[in-house]
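What follows is one structure encoded as structure tokens, with my remarks underneath.
Throughout, read-outs are computed from the coordinates displayed, never taken from laboratory work. Everything quoted here is computed from the prediction, not taken from an experiment. Positions of Cβ are backbone-derived with ideal geometry, glycine not excepted, and every protein chain shown enters the neighbour counts.
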Amino acid sequence: MRKFLRTVLELLAVLLLVSFGTFMLVSLLPNDPAVIILGEGHPPEAYEAKRQELGLNDPLFSRYADWLGSALQGDLGKSIVPPYSVVSDRIAAALPVSVQLAVMGMVLAMLIAVPLAMWSAYNEGGRIDRVVSAGTFAVLSVPSFLAGLLLIMVFVNYLGWFPRAEWSRLSEGLGKNLFHAALPAVTISLMEAATFTRILRNDLITTLQEDYILAAKAKGMSPVHVLISDALRPSSFSLITVMGIALGRLIGSTVIVEYLFALPGMGSLVIGAADTGDYTMVQGTVLVIAVIYVLINALVDLSYGFLDPRTRRA
Amino acid sequence: MTTTTTEPVELNPYEEDPLLVVDALHTEIMTPRGALKAVDGVTFSLRQGETLGVVGESGSGKSVMGRTVMGLYRSGGNMNVSGQVLLEGEDIQSMTARELRRVWGSKVGMVFQDPMTALNPVKKIGTHLTETLKEHSKLDGKAARNRAEELLNLVGIPEPRRRLDQFPHEMSGGMRQRVVIAIALANNPRLLIADEPTTALDVTVQKQILDLLQRLQAELGMAVILISHNLGVVAGRADRVGVMYAGRFAELAPAKQLFADPRHHYTRALLAAIPKLEQPPHVRLDAIEGAPPNMVNPPHGCRFAPRCRAAQEDCTHVPPRLVPTDQSNLMGHKRHWYACYHPVSHDTPGGE
């Protein structure tokens with residue numbers, strides 16, 4: 001319980017730092033929001049008035065305090081460019097898309113990687129292992145925009161199984177939603193699966209040398225039992241760590257995949273906002289992504305305790 | 001294997017209706033430098049309820065022998081095994097993987113050297129025990145748990161019910177080794193292979209664990225192969241002792257005869273190297289010079305000859321085979337075997 005409290009306090013500190021960093025970075029952007037709103041050729045009085053209205057003349061720190069104060073109440077402000085939408089509304093629309101893609105990609109990647117890594121590690125140095133090793137290396141060397149394009153070429157243009165550039169929300173029916181999410185999720189999962197397979201295979205091979213694996217075999221346990229029940233859990237620490245990082249990364253920056261499939265996710269949102277100099281939007285989006293990232297990594301830390309009982313009383 | 005009067009007498013592992021027969025066992029491990037002959041022609045038998053102590057230096061092949069007898073090491077990959085291992089008449093080395101799994105943990109149990117690494121750190125003690133009980137004895141969850149508690153009790157672990165829910169790291173080394181023994185005994189095996197079961201433990205705990213093994217063997221009537229680098233561990237606990245050197249038995253004899261009347265110079269040298277209480281202090285121990293041979297290219301002739309004080313010219317040509325002493329047991333079986341051309345005898349001026 002004390003450990004839990006300490007974790008929460010640490011999290012809060014990290015989040016505070018992250019939000020401050022975000023705010024600072026955005027304020028370093030060369031675009032002047034007042035100019036963006038007013039456009040070129042405005043009178044200097046109007047410019048000065050606009051800056052006053054936006055609070056841009058206040059000291060940086062008090063602006064941060066204001067922004068943080070309203071952000072804590074759930075108010076991330078309004079977009080400064082037309083259609084002047086509420087930032088949190090736009091995020092609420094984009095976040096489910098990104099989360100769904102990231103989670104689906106991750107689940108698919110795990111479904112591919114775990115059996116493949118176990119099979120490969122069990123036959124270390126054998127033909128299967130070599131094929132898997134070469135295959136994952138090949139996939140890793142293909143950038144995701146190319147993999148996405150290839151998938152689109154084969155499944156959309158050539159086979160015509162999937163529509164392109166369409167998205168339907170979960171509210172429009174699960175089947176339809178999954179159908180439209182399938183190709184982007186596969187694109188995302190490919191590279192992650194290759195990474196996961198390599199990491200898990202290597203850790204499994206190390207674990208399989210352990211005495212307790214030999215002991216489990218000497219008890220007459222089947223190879224499947226030995227792999228799943230004895231070897232998998234002690235081998236999954238690097239995998240869980242990398243997964244946490246990957247999940248955070250996927251939620252914030254599946255930009256290329258979202259762009260390829262024209263999906264309205266967080267990546268598209270933040271890139272669009274940065275393009276138009278919409279600083280309130282960038283601040284809000286980056287803050288949400290950062291919070292998610294930090295939370296996921298905190299969960300990863302907590303999962304170590306579940307995976308290894310020896311770290312529980314630390 | 002038939003013995004005629006014209007041929008020299010050979011060790012026949014099939015007489016006396018044994019539980020385990022090991023016949024001309026060879027285990028080679030392929031290394032980049034060539035085939036390493038870890039076990040190079042081991043023959044012995046083990047009767048029901050009997051304890052065989054196997055003693056040898058590090059690298060003498062005793063652990064590899066134990067694992068080959070169990071079938072954990074078999075031909076394939078970088079291993080090459082020849083010879084026979086018959087457990088209750090069934091050939092271990094020619095079994096399929098599935099058949100072997102039926103034998104492991106049920107007919108044969110194994111106790112490992114280091115209890116710190118032989119238990120899975122993320123599994124509860126109870127799970128270690130119940131999974132083998134479910135696999136072999138086909139017990140359901142509740143029955144398996146009760147039996148697991150019974151087993152912990154049997155190996156002298158206090159508060160067994162509470163211990164079932166503990167993890168290995170919550171127990172001491174001695175307690176963990178008791179758990180390892182309980183796992184090996186879970187399904188009442190006919191044969192227990194204990195590979196250096198006390199080497200990783202401190203001395204007071206060593207005695208407790210050895211006493212426990214001895215008590216359990218008497219209670220459960222299983223045969224035991226007790227592997228150790230320490231003659232003292234085997235003394236008084238084994239019925240017979242095999243002294244292993246460079247992948248072979250240098251001498252195989254009933255324990256009392258081996259200690260009282262060693263025939264092989266290696267055995268004699270090992271016995272002489274044991275420190276004795278009655279020796280005056282600060283006297284050099286009678287250590288054996290040199291190191292065991294490289295088993296990729298073992299020496300011709302007797303493997304011990306390069307280190308043997310009694311070696312003569314003829315020792316370096318043909319390896320000596322096991323030959324019996326004159327004594328027989330009541331059944332007329334030869335029980336004391338040694339592999340030496342110039343054995344220790346009482347009129348030989350040795351280095352005693």
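Ignoring the sites themselves, what is the longest stretch of chain A with no trypsin sites (Lys or Arg not before Pro) in a DSSP loop and at most 16 other beta-carbon atoms within 10 Å?
On the way: sites that count: A:Arg164, A:Arg169, A:Arg312, A:Arg313.
In chain A, the maximal stretch lacking such sites is A:1-163.
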Quiz item: Magnitude of the Cβ-charge dipole of the protein assembly as shown, K/R +1 and D/E -1, about the Cα centre, nearest 20 debye?
Solution: 940
Quiz item: Measuring from label point to label point, each 7 Å out along Cα→Cβ, what is the B:Glu16 to A:Ala92 span in nm?
Solution: 8.6
Exercise. Work from the charge dipole of the range A:57-155 (Cβ charges, +1 for Lys and Arg, -1 for Asp and Glu, about the Cα centre) and give the residue of A:Val103, A:Gly126, A:Gln73 farthest towards its positive end.
Key: A:Gly126
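Under 15 Å from the Cβ of A:Asn177, count the other residues' Cβ atoms, weight Lys and Arg +1, Asp and Glu -1, and hand me the total.
0
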Quiz item: Counting Lys +1, Arg +1, Asp -1, Glu -1, what net charge surrounds A:Phe306 among other residues with beta carbon under 10 Å of its beta carbon?
Solution: +1
Quiz item: With each label point set 7 Å from Cα along the Cα-Cβ vector, what nm distance links A:Asp275 and A:Glu48?
Solution: 3.6
Exercise. Could you pull out every residue, at least 5 positions away or on a different chain, whose amide H is within less than 5 Å of the one on B:Met244? Hs are placed 1.01 Å off N in the peptide plane, and Pro or chain starts have none.
Key: B:Val55, B:Gly56, B:Ala250
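Please work out the FRET efficiency for the pair B:Ser137 and A:Ser303, using the Cβ-Cβ distance as r and a Förster radius of 30 Å; give the result to the nearest 0.05.
Step by step, r from the Cβ atoms, then E = 0.30.
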Quiz item: Under a point-charge model restricted to the Cβ atoms of Lys and Arg (+1) and Asp and Glu (-1), what is the dipole moment magnitude of the range A:2-72 relative to its Cα centre, in debye to the nearest 20?
Solution: 660
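Would you kindly state how much longer the chain becomes between A:Leu11 and A:Val142 on full extension, computed as 0.36 nm times their sequence separation minus their alpha carbon distance, in nm to one decimal? Show your work: numbers first, answer last.
Details: separation 131, 0.36 × 131 = 47.16 nm, distance 3.58 nm.
That pair, A:Leu11 and A:Val142, stretches by 43.6 nm at full extension.
Quick one: B:Val64, B:Val203, fewest Cβ neighbours within 10 Å first, how do they rank? Provide the component values of the computation, followed by the final result.
On the way: B:Val64 24, B:Val203 7.
Neighbour counts put them in this order, fewest first: B:Val203, B:Val64.
Multiply the residue separation of A:Ala134 and A:Ser85 by 0.36 nm, subtract the distance between their alpha-carbon atoms, and state the gained length in nm to one decimal. Mind dumping the intermediate values first?
Working: separation 49, 0.36 × 49 = 17.64 nm, distance 4.87 nm.
Using 0.36 nm per residue and subtracting the Cα-Cα distance, I get 12.8 nm.
Can you give the extra length, in nm with one decimal, that the chain gains between A:Ile240 and A:Ala262 once fully stretched, where that is 0.36 nm per residue apart less the Cα-Cα distance? Before the final figure, lay out the partial values.
Numbers: separation 22, 0.36 × 22 = 7.92 nm, distance 3.01 nm.
Here the segment from A:Ile240 to A:Ala262 would lengthen by 4.9 nm.
When the dipole is taken about the Cα centre of the range B:78-145, and only Lys, Arg (+1) and Asp, Glu (-1) are charged at their Cβ, what size is it in debye, to the nearest 20? Provide the component values of the computation, followed by the final result.
Values: 10 positive and 8 negative charges, 90 e Å.
Roughly 440 debye for the range B:78-145.
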Practice problem: Rounded to whole Hz and in sequence order, give me ³J(HN,Hα) for the range B:31-41 from the Karplus expression 6.51 cos²θ - 1.76 cosθ + 1.60, θ = phi - 60°, writing x for Gly and Pro. | Solution: 10, x, 8, x, 6, 8, 8, 5, 10, 10, x
Quiz prompt | Size descriptor, Kirkwood hydrodynamic radius, that averages inverse alpha-carbon separations across the range A:2-72, Å | solution = 14.4
Quiz item: If you take the Cα Rg of the range A:94-309 and divide it by 2.2 N^0.38 Å, with N the number of residues, what do you get?
Solution: 1.15
Exercise. Return B:Cys308, B:Cys340 ranked ascending by Cβ neighbour count within 10 Å, so the fewest neighbours appear first.
Key: B:Cys308, B:Cys340
Practice problem: Using θ = phi - 60° and the Karplus relation 6.51 cos²θ - 1.76 cosθ + 1.60, list the HN-Hα couplings for the range A:52-66 in order, rounded to whole Hz, with x at every Gly or Pro. | Solution: 4, 5, 7, x, 6, 8, 5, x, 3, 5, 6, 5, 4, 4, 4
Quiz prompt | C-alpha long axis of helix A:127-140 to longest principal axis of chain A, angle in ° | solution = 10
Exercise. Could you work out how far apart the two model spin labels at B:Val203 and B:Ala260 are, taking each label as a point 7 Å from the Cα in the direction of the beta carbon, and quote it in nm?
Key: 2.8
Quiz prompt | For A:Leu140, net neighbour charge (Lys/Arg +1, Asp/Glu -1) across residues whose Cβ lies under 12 Å away | solution = 0
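Cut-off is 10 Å between beta-carbons; in what order do B:Thr204, B:Thr325 appear when sorted fewest neighbours first?
Listing B:Thr204, B:Thr325 from fewest to most nearby Cβ atoms yields B:Thr204, B:Thr325.
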